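The values are calculated or read from the model by the stated rules, or taken from the named source; none is laboratory data. Remember, it's a predicted structure, so these values are computed and weren't measured experimentally. Methodologically, a virtual Cβ is constructed for each residue, glycine included, from the backbone with ideal geometry; neighbour enumeration extends over all protein chains shown. Heads up: the accessible areas ignore ligands, DNA and RNA and are worked out on the full protein's heavy atoms, side chains in. Shrake-Rupley method; radii C 1.70, N 1.55, O 1.52, S 1.80 Å.
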Amino acid sequence: MAGAVDLSALKERAQAKPATGATGGTQPANAVVDVSEANFEAEVLQKSSAVPVVVVLASTRSEPSMALTEAFERLVAQDAGTWILARVDVDTNMRIAQAFGVQAIPTTVAVAQGQPLADFQGVQSEEQLRAWIDAILNAVEGKLTGPVGSAEEAPPEDPRFVAAEEALEAGDLAGAEAAYEAILAAEPANTEAKTALRHVNFIGRAEVLPDGIIATADADPTDIDAALQAADAELFDQRPEDAFARLIATVKRTAGDDRTRVRTRLLELFELFDPAEPFVVAARRKLALALY
């Protein structure tokens with residue numbers, strides 16, 4: 001799968017919410033889900049082993065996006081759980097957009113058995129969407145396990161993660177951070193909590209970046225604080241290669257504690273991505289050359 005982020009690293013901790021289609025009819029249970037990084041693995045990767053998951057990467061600011069989503073909602077209501085519609089707001093889920101290599105919105109990707117099966121950009125007529133869905137269903141016939149069971153059959157949620165995600169959804173970053181830190185205090189090896197805490201810390205920094213920080217850092221390459229903030233801004237803007245290049249250049253210009261500080265931040269940013277991503281591998285190699 002093209003893109004910057006390993007989709008399997010986007011962990012699930014939130015139940016899907018029942019959705020209502022544009023026509024006012026109630027969708028089959030779990031037929032429509034709002035997907036974020038927190039529930040991507042369970043709602044897309046895991047469920048795509050049972051039925052195809054149609055991921056619509058859209059923006060609430062885009063009328064074509066909303067029209068496409070509403071058309072898919074009408075179609076999924078007709079198909080009795082034979083596929084799932086996953087709605088992704090790219091404005092608030094940049095890592096998912098990165099993972100799919102989104103270049104335009106709306107973009108639609110059908111996922112089966114954890115892998116992309118077909119995709120298209122832009123809006124199509126409802127008749128074209130119907131034909132596309134039917135082709136997807138035909139392609140996976142007999143290859144998947146069948147419709148997903150009800151929510152009552154799902155394993156119970158870990159209340160600690162539920163509390164952390166509820167705090168995050170409410171915009172309480174400090175509460176989410178404290179919740180994940182409490183999990184790690186009890187289970188230092190809990191990789192899911194470690195990953196979530198890294199993301200929360202990054203979001204917290206990104207939300208308070210000063211305006212024009214990239215221009216400020218460019219104007220004074222010796223300003224380490226500005227360089228660190230500019231790298232965060234570039235990463236938040238889905239430009240990880242630029243962020244890495246900036247910090248590697250800063251490593252080359254610094255020494256002692258300053259170099260250690262920049263190197264530590266760069267390693268933290270690496271951990272937000274799949275370590276096998278080519279641009280991460282390349283950046284690690286360049287960092288090693290800069291250090292030695």
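Can you tell me which residue in the range 223-240 is nearest to ALA282 (Cα to Cα), limited to those that are open to solvent by 40 Å² or more (accessible area, probe 1.4 Å) and at pLDDT below 95? Even if it seems obvious, please write down each step before you answer.
Going through the range 223-240, the residues open to solvent by 40 Å² or more (accessible area, probe 1.4 Å) turn out to be 223, 225, 229, 236-239.
Within this subset, residues satisfying the condition of being at pLDDT below 95 are 236-239.
Details: PHE236: 20, ASP237: 20, GLN238: 17, ARG239: 15 Å.
The selected residue is ARG239.
Could you check the range 91-107 and list, in sequence order, the residues that are over 16 Å from GLU43 (Cα atoms), out of contact with any Ser or Thr (no Cβ under 6 Å at 6 or more places or on another chain), not small (Gly, Ala, Ser) and not in a helix (DSSP H, G or I)?
Those that are over 16 Å from GLU43 (Cα atoms), out of contact with any Ser or Thr (no Cβ under 6 Å at 6 or more places or on another chain), not small (Gly, Ala, Ser) and not in a helix (DSSP H, G or I): THR92, VAL102, GLN103, THR107.
Of the residues ARG285, ARG198, ARG239, which is closer than 24 Å to GLN98 by Cβ, in contact (Cβ under 8 Å) with a residue 40 or more places away in the chain and of a type in the set (Lys, Arg)?
Just one listed residue meets the conditions, ARG198.
Can you name the residue in the range 63-90 that is in a loop (DSSP other than H, G, I, E, B) and out of contact with any helix residue (DSSP H, G or I) (no Cβ under 9 Å at 6 or more places or on another chain) and is also least open to solvent (accessible area, probe 1.4 Å) among such residues? Outline the logic, then answer.
Keep residues of the range 63-90 that are in a loop (DSSP other than H, G, I, E, B), which gives 79-83, 90.
Narrowing further to those that are out of contact with any helix residue (DSSP H, G or I) (no Cβ under 9 Å at 6 or more places or on another chain): 80-81.
Numbers: ALA80: 81, GLY81: 22 Å².
Here the answer is GLY81.
Under the condition of being in contact with an Asp or Glu (Cβ under 8 Å, 6 or more places away or on another chain) and closer than 29 Å to ASP274 by Cα, which residue from the range 47-62 is surrounded by the most Cβ atoms within 10 Å (Cβ to Cβ)?
Checked the range 47-62; the qualifying residue surrounded by the most Cβ atoms within 10 Å (Cβ to Cβ) is VAL53.
Each row is one residue, and each column tells you yes or no for (1) part of a helix (DSSP H, G or I); (2) of a type in the set (Lys, Arg); (3) touching a Lys or Arg at 6+ places or on another chain (Cβ under 8 Å); (4) open to solvent by 60 Å² or more (accessible area, probe 1.4 Å).
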site: LEU144; (1), (2), (3), (4): no, no, no, no
site: GLU157; (1), (2), (3), (4): no, no, yes, no
site: ALA179; (1), (2), (3), (4): yes, no, yes, no
site: GLU192; (1), (2), (3), (4): yes, no, yes, no
site: LEU197; (1), (2), (3), (4): yes, no, no, no
site: VAL200; (1), (2), (3), (4): yes, no, no, no
site: ASP218; (1), (2), (3), (4): yes, no, no, yes
